[in-house]
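The values are calculated or read from the model by the stated rules, or taken from the named source; none is laboratory data. All of these numbers come straight from a predicted model, not from anything done at the bench. Counting neighbours? That spans all protein chains shown, and the Cβs are built from the backbone with ideal geometry, glycine included. We work out accessible area using only protein heavy atoms, side chains counted, and drop any ligands, DNA or RNA first. Shrake-Rupley method; radii C 1.70, N 1.55, O 1.52, S 1.80 Å.
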Amino acid sequence: MTNQIIQAILLGGYYALIACGLSFMFSIMKIINLAHGSLLVLSSYLFWWLADSYAISPFYSLSIVIPIMMMIGWALQEFLLQKSARGGELLPILTTFGLAIVLENLLFEYFGADTRSLAPYIGDLSWESWQILTDIYVGKTSVYILLSAISLLASLQLFMQKTAMGRQIRATAHDPDTAGLIGINARKASAIAAAIALGTIAISGLAMSIRGVFDAYSGGPQLLFAFEVTIIGGMGSLWGVLLGGIVLAMAQTIGASIHPQGFLIGGHVIFFVILLARLYMANSVIAIRIKKVFGGLR
Amino acid sequence: MNTAEKTHQDNSDNLSNRANKYANSVKVTRWTAASKRAVILAALLIIALAFAPLFASVGFIDRLTALFIYIILATMWNALAGYGGLVSVGQQAFFGLGAYFTIRIAHLGLDPFVAVALSAVVVAAVSYPISLIMLRLRGGEFAIGMWVIAALIHLLVNLDGLIQGETGISLISLNSYPSQSRLTIIYLLALFSMTGLLVMLFILLRSRQGSAIQAIRDSEEAASSLGVEPEKVKRLLFVLAAFGIGLAGALWLASATSFQPKTYFSVQWSAYMIFMVLVGGIGKFEGAILGAILFFLVETWFSTAGVWYLVGLGAIAIAFSLFLPKGIWGELERRFNWQFLPVGYHVEIKHSDPNKSNNK
């Protein structure tokens, strides 16, 4: 039982990491990037390709893949999202969905149907673990993934609150026209936000390919996990992402213990339960009472 | 007080005079000569198609059945996105459920074709509680939330022992019909369903509800300020789209005979629907039909290209949404003022410029 909870928290760290980019883009640019999963797979393939063809350790190739993904993010904003966001809130859904279809099929065409993993390229790390209690072991990679999720979320939070650029991005997110009036280059701020989002995708792509296998069409399920985490955690809150990841992983673990096929079902069910609770609690008496109690405490 | 009342009277007289004058100068029509001809032609075409099994080849009839199903899918997705403003990437949920319930109902011992029709009704019933949650989401959240619904329903269907997981099952009871008459029945059923759904949507869009739907399409805020209830209208469209897409799934199963959950609950169906509607013209009644026909032709010619075919579909969808967001029909309508199946009104202003007609 304790073991299951610990493993679920570690898995939750992974979910938080893959949701980072989606949540960031959604809170800043108000766009749900349906190509999120496919871009994640693209970055995984980049790591795999660098390791396989040039024998570069995945941890060193972070310094190559992150800039590449950031440039893709800038291009994405400049050539696709910029134009489609002007056409209303529905258009970015369609263009990013189209991009996902194009990307995953191109990856399939280029890399074929074999599943890949980076585990063979990181030496012993892939199976090493720490013993934390007599009968409980935690995989080193899972711990590193959880730690990177926490540090990534913390640095994003700090960047957005403490730096001038972060403030400019937040101002643009709030009201691009007014931000423009006070001398902020809204276009540049959005491009930087998109580049940051894709940079985090590169990190989560590394996490995905180290802890398991992937193929060209792995993007869809990852997108759904990332989206569920974003909604469970409450939109716009970066720490909510961490909480959302852990809740999702817990629900999946409980689902799996109820039924052999219950892992994914558990995750989807908790998503709808929380969605429903949030929608119906919003104006209910209980919610107002809870607010009063907590408001009083503050 | 008297003076005030008189002024008021004068004002309203003046107003009503002006309104009368205005009414005389404006002519509101629905039907134009071209649209009347188009509807008669469409009716004749459908009657002709009904007799096609008498002389067309088996392969041709089979392909036409697929085309009718595509038209249903495009029209229903368009009803949801183009009129309700609800872009969904999870409509495969209802497509798969339509097929699944057909298997289930046929398993009870009912005739497979009765099962097809009943299944669509069950799908519509299931979609109602789903709409209660989903319609509270907006924009992208709704789009991808529907995908979660599809993924969840897919997993739940896999739990049913009858389906045998991803191995799937066939609609075996179809064997009680000889293959030639089976094909003809499915063809006629698809033709009848397509026509029925098109007529249903056409009548709905021309009704009082339809004016509300089109008002919401143009501006939800403005529509609500005029007393339109977007929630009610969107629920109606959601259930209608679920019914139509469920029917399409059931028909697809009847025509393909085997049910593998993975193929029916694939997100590819949403990609196809989006492609058809974007290319044809989102929010245009004729656009969805045109898009489905174009998709059908593209599939017939290029689907052997495999992966590149899918890359092409995605790229074309992006290009259309960026550069031609109203689709091909929207462009034709703008340039030539075509409107063959009128769901809006023509407003002609006689005084100011008799040659200029304003198309709504």
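Only one of these is within 14 Å of chain A (Cβ to nearest Cβ) and of a type in the set (S, T, N, Q): B:S211, B:S179, B:S207, B:S219. Name it.
Every option except B:S219 fails the conditions.
Would you tally the residues in segment B:104-119 being farther than 19 Å from B:V239 by Cβ and of a type in the set (S, T, Y)?
Total satisfying the criteria: 0.
Between a first residue in segment B:86-108 that is without any contact (Cβ under 8 Å) to a residue 12 or more places away in the chain and a second residue that is open to solvent by less than 10 Å² (accessible area, probe 1.4 Å), which pairs have beta carbons less than 9 Å apart while being 6 or more apart in sequence or on different chains?
B:L108/B:A115
Since A:F225 meets every condition but one in (1) under 20 Å from A:G21 (Cα atoms); (2) more than 12 Å from chain B (Cβ to nearest Cβ); (3) at pLDDT 90 or above, which condition does it not meet?
Condition (2) is where A:F225 drops out.
Within the group B:I316, B:I274, B:I289, which residue is touching a residue at least 24 places away in the same chain (Cβ under 8 Å), more than 14 Å from chain A (Cβ to nearest Cβ) and either surrounded by 22 or more Cβ atoms within 10 Å (Cβ to Cβ) or of a type in the set (A, V, I, L, M) (or both)?
Step by step, each of B:I316, B:I274, B:I289 is checked, and only B:I289 is touching a residue at least 24 places away in the same chain (Cβ under 8 Å), more than 14 Å from chain A (Cβ to nearest Cβ) and either surrounded by 22 or more Cβ atoms within 10 Å (Cβ to Cβ) or of a type in the set (A, V, I, L, M) (or both).
Any chance segment B:147-158 includes a residue that's more than 11 Å from chain A (Cβ to nearest Cβ), of a type in the set (A, V, I, L, M) and under 21 Å from the mean Cα position of the chain (by Cα)?
Scanning segment B:147-158 turns up no residue that is more than 11 Å from chain A (Cβ to nearest Cβ), of a type in the set (A, V, I, L, M) and under 21 Å from the mean Cα position of the chain (by Cα).
Here are B:A215, B:A256, B:A222, B:A242: which of them is small (G, A, S), in contact (Cβ under 8 Å) with a residue 60 or more places away in the chain and on the phi < 0 side of the Ramachandran plot?
Just one listed residue meets the conditions, B:A242.
For segment B:58-92, how many residues are within 12 Å of another protein chain (Cβ to nearest Cβ) and assigned to a helix (DSSP H, G or I)?
So the count comes out to 5.
For segment B:114-146, name all the residues that are open to solvent by 30 Å² or more (accessible area, probe 1.4 Å), part of a helix (DSSP H, G or I), at the interface with another protein chain (Cβ under 8 Å from one of its Cβ atoms) and touching a Leu at 6+ places or on another chain (Cβ under 7 Å).
Across segment B:114-146, the qualifying residue is only B:I133.
Of the conditions (1) more than 10 Å from chain B (Cβ to nearest Cβ); (2) more than 17 Å from A:S190 (Cβ to Cβ), A:F24 clears all except one; give me its number.
The single condition A:F24 does not satisfy is (2).
Of all the helices (runs of 4 or more DSSP H) wholly in segment A:154-241, which have at least 1 residues that are aromatic (F, W, Y), open to solvent by 10 Å² or more (accessible area, probe 1.4 Å) and closer than 29 Å to B:Q268 by Cβ?
By residue number, A:219-233.
Can you confirm whether B:I47 is in a helix (DSSP H, G or I) and touching a helix residue (DSSP H, G or I) at 6+ places or on another chain (Cβ under 8 Å)?
It is false that B:I47 is in a helix (DSSP H, G or I) and touching a helix residue (DSSP H, G or I) at 6+ places or on another chain (Cβ under 8 Å).
Considering A:G262, A:G220, A:G233, A:G205, which residue is farther than 26 Å from A:A154 by Cα and in contact (Cβ under 8 Å) with a residue 24 or more places away in the chain?
Exactly one residue qualifies, and that residue is A:G220.
Yes or no, residue by residue, for (1) within 14 Å of chain B (Cβ to nearest Cβ); (2) hydroxyl-bearing (S, T, Y); (3) within 25 Å of B:G312 (Cβ to Cβ):
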position: A:I56; (1), (2), (3): no, no, no
position: A:Y60; (1), (2), (3): no, yes, no
position: A:Q82; (1), (2), (3): yes, no, yes
position: A:L90; (1), (2), (3): yes, no, yes
position: A:L94; (1), (2), (3): yes, no, yes
position: A:F97; (1), (2), (3): yes, no, yes
position: A:F108; (1), (2), (3): yes, no, yes
position: A:W130; (1), (2), (3): no, no, no
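Kindly indicate whether any position in segment B:160-179 is within 30 Å of A:S84 (Cβ to Cβ), free of Cβ contacts under 8 Å to residues at least 12 places away in the same chain, out of contact with any strand residue (DSSP E or B) (no Cβ under 7 Å at 6 or more places or on another chain) and assigned to a helix (DSSP H, G or I).
No, segment B:160-179 contains no residue that is within 30 Å of A:S84 (Cβ to Cβ), free of Cβ contacts under 8 Å to residues at least 12 places away in the same chain, out of contact with any strand residue (DSSP E or B) (no Cβ under 7 Å at 6 or more places or on another chain) and assigned to a helix (DSSP H, G or I).
Which residue, of B:G109, B:G85, is touching a Lys or Arg at 6+ places or on another chain (Cβ under 9 Å), on the phi > 0 side of the Ramachandran plot, of a type outside the set (V, I, T) and at pLDDT below 90?
The match here is B:G85.
Any residue at all in segment B:210-231 that is out of contact with any Asp or Glu (no Cβ under 7 Å at 6 or more places or on another chain) and basic (K, R)? Walk me through it before giving the result.
Let us first name the residues in segment B:210-231 that are out of contact with any Asp or Glu (no Cβ under 7 Å at 6 or more places or on another chain), namely B:210-229, B:231.
In the following step, the residues that additionally are basic (K, R) were identified as B:217.
Checked against the condition, which is being out of contact with any Asp or Glu (no Cβ under 7 Å at 6 or more places or on another chain) and basic (K, R), segment B:210-231 yields at least one hit.
Return a yes/no flag: does segment B:213-223 have any residue that is open to solvent by 20 Å² or more (accessible area, probe 1.4 Å), hydrophobic (A, V, I, L, M, F, W, C) and touching a Gly at 6+ places or on another chain (Cβ under 6 Å).
No; the residues of segment B:213-223 include none that is open to solvent by 20 Å² or more (accessible area, probe 1.4 Å), hydrophobic (A, V, I, L, M, F, W, C) and touching a Gly at 6+ places or on another chain (Cβ under 6 Å).
Of the residues that sit in segment A:264-298 and are modelled with pLDDT under 90, open to solvent by 20 Å² or more (accessible area, probe 1.4 Å) and at the interface with chain B (Cβ under 10 Å from one of its Cβ atoms), which one is nearest to A:C20 (Cα to Cα)?
Here the residue is A:R278.
Can you find, within segment B:225-263, the residue that is most open to solvent (accessible area, probe 1.4 Å) among those that are within 21 Å of B:S131 (Cβ to Cβ) and aromatic (F, W, Y)? Steps first, please.
First, pick out the residues of segment B:225-263 that are within 21 Å of B:S131 (Cβ to Cβ): B:228-250.
Add one more test, that the residue is aromatic (F, W, Y), and what stays is B:238, B:243.
Working: B:F238: 1, B:F243: 54 Å².
Here the answer is B:F243.
Taking the condition touching a Pro at 6+ places or on another chain (Cβ under 6 Å), more than 10 Å from chain B (Cβ to nearest Cβ) and either open to solvent by less than 10 Å² (accessible area, probe 1.4 Å) or within 24 Å of A:V143 (Cα to Cα) (or both), does A:L118 pass?
Taking the combined requirement at face value, the residue satisfies it.
Quick one: what pairs do we get from segment A:59-87, first residue of a type in the set (K, R), second surrounded by 19 or more Cβ atoms within 10 Å (Cβ to Cβ), C-beta under 9 Å, 6+ apart or different chains?
A:K83/A:L91; A:K83/A:T95
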